[in-house]
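The values are calculated or read from the model by the stated rules, or taken from the named source; none is laboratory data. Computed from a prediction, not measured in an experiment: that's the story for all the values here. Reconstructed Cβ throughout: ideal geometry from the backbone, glycine too, with neighbour counts over all protein chains shown. Note: areas computed on protein heavy atoms with side chains; ligands, DNA, RNA excluded. Shrake-Rupley method; radii C 1.70, N 1.55, O 1.52, S 1.80 Å.
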Amino acid sequence: AVAFDADGRPIDRTVQWLNLPQPPARATAVIEGGTRRADGLRHGAVARVRWESLAGAAPRAVDARFDGAPLAVEAPTTIALPAFDPAALHVLRVVLRFDDGVEAVAETIVGGRFGDDVASALTALPLLGGENRTPKVAALDGLVRFDDGAPATVAAVERGPVELVVVRDSGALDAIEMLIRLQRRDLRLRGGFAQGPPGNDWLRRAFPLRDAQYIRLLSARAEDRSGVRSTFAVFDSSPVYTPADAGLLWLLARAEREPPTADRQTLAYAVTVAGLSSTRRTGRRAVLLVLGPAPQDQSRFAAEAARRYLRELGIPLYVWQIGRPDADADAAARSAAWQPDNRIGDLLSLRRATDALASDLDRQFVAWVVGKHLPRSLSLVTADALPDNASRAQRRLRRRLALAGR
């Protein structure tokens, strides 16, 4: 939908994708007011924030940032902005957090070629760079393009929290428990994770991810839920776990345990839903599939279809297999179809896989591209296609960059 002024000029637009999940809450932010003073800056502008939630509730927390700097929020509907240069491009991002882990995000651009009052939608492009290193916006100028070769405008970069959605094969739970039993008699795990005989507290804290790396578990089996006119297949999701809640070992082995059966298990469907559900958050994200020795899958499409779909969305997929793969030819073929990144036979290899995963997640950051676009329509220019005026720093940066999940 496009809005026009009295002279027929477009002043704003909104887009709703038909093939992505519709969020349980939405938010919009519009920048209003303010005057330009002698210093050339716009003073007194505010952001008007509006939201809709299926639960009909007010947000329990609001995180507002202007050009990445946090803003004081006294009332969620009206947020005061700092003085800013209207000739430069600025990004306002407001995250509304509701109960049950629901979030609504509003992003708005102001200034630069958009003028004082024109806003535009943003598209999140997850990229991989140096660990814990976020490039400046200017450094990405000319490095991001559309699939037709046209340059894309990067308005901001961000390294916010990352959500890792984990799908567990039912056979992986018993395989992890076996690893724990085999090493419970050890007095010390390498790396200082346990001092003395490992107990329940050790188990809950072992192999943590890093700060701002959150985990959500998604069931590998769909449950039928009845609506008003239809029955829906729903993959249950856990609350979001932070590193302070538990380490990855406990989350994989003990959290949200389901009956130990492979009946109705649909791994390909669950991985696809995990990727789709992660798009509700516009920040950093990834999916981890944990297989047992002989994974079962009742999905009607193949593992490669799920992998390809996540690549289209730009969502990294990590696949671990716990224990020695089953010698049965069919089970071996099902395992191979997922192309496991790590085959884990003991807790030490699980720790190493966890550390490598945490490091990889730390390399991810988000480039915010002006406009609303399909993720697959955006890419990085190849090193040999950089413009002649590209700086040496840009060329070094391009060598380090990669598209996340592709």
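Please verify whether region 351-370 includes one or more residues that are in a loop (DSSP other than H, G, I, E, B) and either out of contact with any Ser or Thr (no Cβ under 8 Å at 6 or more places or on another chain) or not polar (S, T, N, Q) (or both). No, region 351-370 contains no residue that is in a loop (DSSP other than H, G, I, E, B) and either out of contact with any Ser or Thr (no Cβ under 8 Å at 6 or more places or on another chain) or not polar (S, T, N, Q) (or both).
Each row is one residue, and each column tells you yes or no for (1) under 14 Å from the mean Cα position of the chain (by Cα); (2) of a type in the set (K, R).
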{"site": "A268", "(1), (2)": "no, no"}
{"site": "A303", "(1), (2)": "no, no"}
{"site": "Y318", "(1), (2)": "yes, no"}
{"site": "F365", "(1), (2)": "yes, no"}
{"site": "R376", "(1), (2)": "no, yes"}
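The listed residues are P86, P70, P82, P76, and the only one of them that is without any contact (Cβ under 8 Å) to a residue 60 or more places away in the chain and touching a helix residue (DSSP H, G or I) at 6+ places or on another chain (Cβ under 9 Å) turns out to be P86. Where strands (runs of 3 or more DSSP E) fall wholly inside region 124-169, the ranges with 3 or more residues that are out of contact with any Ser or Thr (no Cβ under 6 Å at 6 or more places or on another chain) are 154-158, 162-168. Considering A64, A69, A80, A38, the condition of being loosely packed, with under 13 Cβ neighbours inside 10 Å and at pLDDT 90 or above is satisfied by A38 alone. When the residues of region 244-257 are filtered to those that are open to solvent by 30 Å² or more (accessible area, probe 1.4 Å) and part of a loop (DSSP other than H, G, I, E, B), which remaining residue is modelled with the lowest pLDDT? So, considering only residues that are open to solvent by 30 Å² or more (accessible area, probe 1.4 Å) and part of a loop (DSSP other than H, G, I, E, B), the one modelled with the lowest pLDDT is R257.
Residue-wise test of (1) surrounded by fewer than 22 Cβ atoms within 10 Å (Cβ to Cβ); (2) in contact with an Asp or Glu (Cβ under 8 Å, 6 or more places away or on another chain); (3) touching a residue at least 12 places away in the same chain (Cβ under 8 Å).
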| position | (1), (2), (3) |
| --- | --- |
| V273 | no, no, yes |
| T279 | yes, no, yes |
| G283 | yes, yes, yes |
| L289 | no, yes, yes |
| E304 | yes, no, yes |
| Y309 | yes, no, yes |
| D341 | yes, no, yes |
| S349 | yes, no, no |
